[in-house]
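Heads up: the structure comes next, in structure tokens.
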Amino acid sequence: MLLQMENITKHYGNVTANQAVNFDLGEGEVHALVGENGAGKTTLMRILYGMEQPSSGSVKVKGKVVSFANPASAMASGIGMVHQHFMLFPSFTVAENIVIGREPTAGGVFDRKQAAALVEKLGQQYGMPVDPWAVVSECPMGMQQRVEILKVLYQGADIIILDEPTGALTPLEVKELLANIKSLALQGKSFIIITHKLHEVMEVADRITVLRDGRLTGTLAATDTDAEQLSRLMVGRELVSLEKQQVELGEAVLEVKGLGIRGPKGKGKALLKDIHLQVRGGEVVGIAGISGNGQSELIQAISGLRPVDDGTVQLAGVDIKGMAVRDIREQGLAHIPEDRYLWGAAKDATVLDNGLMGHHHTLQRKGLVKGKEARAKVSEWIRQFGIKAGSLDNKIQNLSGGNLQKLIAAREFAHDSHFIIAAEPTRGVDIGAMETIHTELIRKRDAGVGVLLVSSELTEILQLSDRIVVMYEGEIAGELSAKDATEEKISLLMSGGNRQA
Amino acid sequence: MSIIKQNLRGLIQPLIAVVIGLIAGAIAILVVGGSVTETYMEMWKGAFGSFYFLTNTLARSTPIILAGLGVALAFRAGFFNMGADGQMVLGGLSAALTALYFPGPGWVVLLASIIAGIITGGLWSFFAGWLDAKFGMNLLITTLLLNYIATLFAGYMVAYPFMDKTGSAAMAQSEMIEQSVWLPKLFQGMGLHAGFIIAIVAAVLLHFFMKKTTMGYEIRMLGSNPLFASYGGVRRGRMMMIAMLVSGGFAGLAGAGEVLGTQYRFLDGSLTSANYAWSGIMATLLANSHPLGTALAAILLSALQTGAMGVERNTDVPLEVASVIQAVLTLFVSARIGYTFWKRRKGKQKNGTTT
């Protein structure tokens, strides 16, 4: 074995992050590490990468016991890590970012040409071509990911840790990345991949280790398991399978006709062009598309956060174009926003304050917030959705992403509106939270609520939607019914190919 | 329980800053060859040593508290109102003019003067907010520059049209206000006037307003994350106007209080040279815009200033020691702001998925 981690235990005060975890990695192997938020994946990898010291247990590389005081010494032993959030200098070139720390020099001066040549050669050697002179900020996310991996390879890593590598990538880029990983593994590089996305795990990994509550719940060969078994091991119980009821479709709750938003200052490409969209009570309409193809603008236009240039938007039969956000909400809109930190929460405010938003007009008397009722309401959501929030006066920044997302979803579900926008409702949350949110969305649908689901996750779109609308470059590229839709058909429309009405 | 704790935290922060400032001051005292204990004893005496000094300190703190509260409200809403100076001056001027020319019995005129001060300060601040909402002019810059217009205009008013020509002293000041219109002194022979009570009540009211009302809630959320607020239906433009109006109103009240309670006339430069407004801004920063903390920080800052006068009277250590302490306080405050700003940026990078 190339790498062995034996009986790793890590305590933080009286919290145990890892309890007697064993983990190993062979040469040329891709080993996925999966588990819910807080299961101890990151802690284990931080120990391997020298960012934390284990309370007990040992790490062996090539059979020799090692102890890494810091990432530099881990790197010296051939271990490299690509963090979830890229650590690149945006204004530097690809080559500069890759050679940083080990720059080739000529006469004591940084030799850019040599660096570019080295990087070019490195890219070819590993089948990941890059333009060494490109500035990183102008590269797409998939290319930046590639630069990160090349940087680690340039530093001489044989073991590469990838933390949530596909979070920011488009489906196409994900495919490329997984192919790159496989080919690098064939060349003898070993990978540890931390992720939530089980279908990616099944596609690329040789073995899978599952952690739950800091303990090992299993190490399985990919050939012997499937995504369902893995999620059971992660969550520790059977997942409720989503079952939709047959629902009589109701009236149109959302009616968008000829909606258009022109480019900045009336010039440039239109952000939205001639969008026609109807959502009726009792159905989930999924909007698929690679992010940045007008979905955000559409949501903002409907919810009143962005002015509309052309067309009409009707909510429950009332024209809401140009209405204030608050009035639109009162007209019957609930909205799980696409970015929970940007739109959905105030980080330095409390759980209570974050839960109150949008409800503060109803939970008041003569301008005073009804404190007791507000607390009772938010507490009720916390109980109902199993949100780990600490106290109501806890700052929201102390909540994990999944718990915050559940709080936001609960807050919006509580509006009892006839229409709900769910934008990326489960981005970056663990399976348990995803299950809760999906179940509730379907329950709303079954109760006759119209749901507009916007998601860049195809699996989510396919799982929940009754109808699927694909957006490409600000236009609707096609519409599919749930039973006709396949991942391939949607992917094709998403990438602008083969339009259909 | 945790609510008490949170309130306490707002009160503790200024204390920590002051302690660090005092340590730095001690070093400065040692450098000039004074005795640290003796100097600080004198400083304590100068600020709190007798009933007279205590009331003196509280009197000085009155406009600082009020100006600080106004700034705190704007800061909480996410707007940098740097115009407390000018708003205070205009508030003071219009209070003085109202007191001099408004007809009626004393208490009516007093009330009218206070209201005039509040409204004038509020409108001056509102004007800056309107410029931002209407023309996108940066609030920080407009509020700062409007200070000059306000102070120079007020100076002109009392140097020419409303100059006091009755006395022999040729100073840029208005005539003296009639005694029946004065804010009453709280104690015979002491400087402390009823404005202090107004200031403390205002601090408690503002605290209550921010914590308990829906508008206070919207203001807090707007300051915390404007996008979140607009997503939830808070109208930014409207809230900004309101926040600026009230913020300036507090500064105007501070000016009115000084004119009606201490000076009994509008004297050019008397409000600006004492640096009340800037001390108020510092008090707000020290207390992280917590209303009660701002009041406490204002009293501490004022104690530092009155205490330093005591030091200069009774020791060889110069008045500037207080400046050293204040400078360190400012440094500490700006370091803390830098730190939160840095934390926020760092937090932003963590926004995506979590593991």
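The values are calculated or read from the model by the stated rules, or taken from the named source; none is laboratory data. These figures come from a predicted structure and were not determined experimentally. Here the Cβ is made from the backbone with ideal geometry for all residues, glycine too, and neighbour counts use every protein chain on show. Accessible surface is based on the protein model in full, side chains and every heavy atom, while ligands, DNA and RNA are left aside. Shrake-Rupley method; radii C 1.70, N 1.55, O 1.52, S 1.80 Å.
Exposed loop positions in chain A were taken to be chymotrypsin sites (Phe, Trp or Tyr not before Pro) whose DSSP state is not H, G, I, E or B and which have at most 15 other beta-carbon atoms within 10 angstrom. Between these positions, the longest stretch is A:134-501. Here the Karplus curve 6.51 cos²θ - 1.76 cosθ + 1.60, taken at θ = phi - 60°, turns the phi angles of the range A:106-111 into couplings of 10, x, x, 10, 4, 9 Hz, with x standing for Gly and Pro. Membrane-span-like helices in chain B, defined here as complete DSSP H runs extending at least 18 Å along the helix axis by their C-alpha atoms with mean Kyte-Doolittle hydropathy no lower than -0.5, are B:2-31, B:51-76, B:84-101, B:106-135, B:139-159, B:195-212, B:236-258, B:291-314, B:320-349; this is a sequence and geometry rule, not a statement about a membrane.
Computed from Cα positions, the angle between helix A:401-413 and the longest principal axis of chain A comes to roughly 10 degrees. Interface residues of the range B:189-219, defined as a loss of at least 30 Å² in heavy-atom accessible area between the chain alone and the complex of all protein chains with a 1.4 Å probe, are B:K212, B:T214, B:Y217, B:E218. Solvent-accessible area per residue in chain A equals 43 Å², computed with a 1.4 angstrom probe and all protein chains kept.
The range A:32-94 and the range A:354-369 have their alpha-carbon centroids 46 Å apart.
Only beta bridges with both residues in the protein assembly as shown are counted; by DSSP, about 60 percent of them are antiparallel. With 30 Å² as the minimum drop in accessible area between chain alone and full protein complex (1.4 Å probe), the qualifying residues in the range A:334-352 are A:Y341, A:L342, A:W343, A:A346, A:K347, A:D348. Peptide A:164-171 has a mean shielding of 1, counted as Cβ atoms of other protein chains within 10 Å of each residue's Cβ. For the range B:9-332, what does the alpha-carbon gyration tensor say about shape, rounded, prolate or oblate, given a ≥ b ≥ c as the root eigenvalues, a/c under 1.5 as rounded, and a/b over b/c as prolate? Oblate is the answer for the range B:9-332, as a/c is 1.5 or above yet b/c matches or exceeds a/b. Loop-located trypsin sites (Lys or Arg not before Pro) across the range A:427-501 with a Cβ neighbour count of 16 or fewer within 10 Å are A:K483, A:R499, with loop assigned by DSSP.
Sequence-distant contacts, meaning Cα pairs under 8 Å at least 6 residues apart, place the relative contact order of chain A at 14 percent.
Once you have a ≥ b ≥ c as the square roots of the Cα gyration tensor eigenvalues for the range A:121-168, tell me rounded if a/c is under 1.5, and otherwise prolate or oblate according to whether a/b is larger than b/c. Cα axes put the range A:121-168 in the oblate bin.
Stokes-Einstein diffusion for the protein assembly as shown, with the hydrodynamic radius set to the Kirkwood value over Cα pairs and evaluated at 4 °C in a medium of 1.567 mPa s, equals 42 µm²/s. Summed over qualifying helices (DSSP H, 4 residues or more, each -39500 (n - 2.57)) and divided by its residue number, chain B shows a 222 nm mean residue ellipticity of -25500 deg cm²/dmol.
Solvent-accessible area of the protein assembly as shown (1.4 angstrom probe, protein heavy atoms only): carbon and sulfur portion equals 58 percent.
For chain A, find the longest principal axis of its Cα atoms and tell me its angle to the long axis of helix A:171-186, 0 to 90°, nearest 10. So the inclination is approximately 20 degrees. Our helix-only sum for chain A, with -39,500 (n - 2.57) per DSSP H run of n ≥ 4 divided by its residues, gives a mean residue ellipticity at 222 nm of -9500 deg cm²/dmol. With all pairs of different C-alpha atoms in the average, the Kirkwood value for the hydrodynamic radius of the range A:1-106 is 15.4 Å. Averaging the sequence gap over all C-alpha pairs within less than 8 Å and six or more residues apart, then dividing by the number of residues, gives chain B a relative contact order of 35 percent. With both residues required to sit in chain A, DSSP beta bridges show an antiparallel share near 55%. Taking Cα atoms only, the orientation of helix A:141-154 departs from the longest principal axis of chain A by about 10 degrees. Cα centroid separation, the range A:408-450 to the range B:210-225: 27 Å. For the range A:3-235, the ratio of Cα radius of gyration to the globular rule of thumb 2.2 N^0.38 Å stands at 1.03. Remark on the range A:66-93: accessible area falls by at least 10 square angstrom from chain-alone to full-complex state for A:Q84, A:H85, probe 1.4 angstrom. Averaged per residue, the range B:102-174 has 57 square angstrom of accessible surface, using a 1.4 angstrom probe with ligands and nucleic acids left out.
Counting only DSSP beta bridges whose two residues both lie in the range A:3-235, roughly 55 percent are antiparallel.
For the range A:231-379, lysine pairs with C-alpha atoms less than 25 angstrom apart, excluding pairs fewer than eight positions apart on the same chain, total 14. For the pair B and A, the buried accessible area comes to roughly 3200 Å² in total, with a 1.4 Å probe and the value rounded to the nearest 100. Ranking A:E120, A:E6 from most to least accessible surface, computed with a 1.4 Å probe over the protein chains only, gives A:E120, A:E6.
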